[in-house]
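Below is one structure, written out as C-alpha cells, with a few remarks after it.
The values are calculated or read from the model by the stated rules, or taken from the named source; none is laboratory data. The shown structure was predicted, so the numbers you read here are calculated from the model rather than taken from an experiment. We place every Cβ from the backbone using ideal geometry, glycine too, and count neighbours over all the protein chains shown. Ligands, DNA and RNA are excluded from the accessible area calculation, which covers all protein heavy atoms including side chains. Shrake-Rupley method; radii C 1.70, N 1.55, O 1.52, S 1.80 Å.
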Amino acid sequence: QVQLVESGGGLVQPGGSLRLSCAASGSIFSINGMGWYRQAPGKQRDLVAHITNGGSTNYADFVKGRFTISRDNAKNTVYLQMNSLKPGDTAVYSCYARSSWGTYWGQGTQVTVSS
C-alpha cells in the first residue's frame, strides 16, 4: 500500500503562484511514477503532469511553460509549482502514484484562481 498526503492548495489571484506537495509513504519502493490530475466541476478529469522515477516529465499542453513538476527523493515528495495561474486552472488537484500493484490517490486539494 502507498499513502499520499497533499498540501498547498488555496485561493490565489490570476497571475499568481502556488506550490502543491504530495508526500508518499508506505510501499514507496513499488512506485514507478507520480503526478497530478485535476478536475473542475462538471468537467472531465485531466492529467496535468507526470514524473518518472528517473526524473522524466510530461505535461498537458494547457500547463506547459507555466507549471513544473519535480521530486525530492529524500523526502519521498513530489511538487507541482504552478505559475501564471488563470481562472481556468480552478479545480481539485489530485496526486497519484503508479506502482506495480496499481494506482494510488491522494485526497485532493482545491485550487481556486479568482480576483
At 7 Å along Cα-to-Cβ for each site, give me the label-to-label distance between D72 and Q1 in nm.
2.6
With a cut-off of 8 Å between alpha carbons and a minimum separation of six or more residues, what is the relative contact order of the chain in percent?
37
Around G88, with a cut-off of 12 angstrom between Cβ atoms, what is the net charge of the other residues, counting Lys and Arg +1 and Asp and Glu -1?
+2
Reciprocal mean inverse distance between Cα atoms of the chain - Kirkwood radius, Å:
14.1
Using the Karplus curve 6.51 cos²θ - 1.76 cosθ + 1.60 with θ = phi - 60°, work out ³J(HN,Hα) for each residue of segment 17-25 in order, rounded to whole Hz, and write x for Gly and Pro.
10, 9, 10, 9, 10, 9, 9, 9, 8
In Å², and per residue, what accessible area does the chain have when probed at 1.4 Å with the other protein chains present?
51
Let me test this: with uniform point scatterers at the alpha carbons of segment 40-92, what is the Debye-based log₁₀ I(q)/I(0) at q = 0.28, 0.30 1/Å?
-1.19, -1.27
First measure r as the distance between the Cβ atoms of S17 and Q44, then evaluate 1/(1 + (r/R0)^6) with R0 = 25 Å and state the FRET efficiency to the nearest 0.05.
0.45
Summed over the other residues with a beta carbon less than 10 angstrom from that of A24, with K and R at +1 and D and E at -1, the charge totals +2
Centroid-to-centroid separation of segment 8-43 and segment 53-115 [C-alpha atoms, Å]
4
How much net charge surrounds W105 when only the other residues with a Cβ under 14 Å from the Cβ of W105 are counted, with Lys and Arg +1 and Asp and Glu -1?
+2
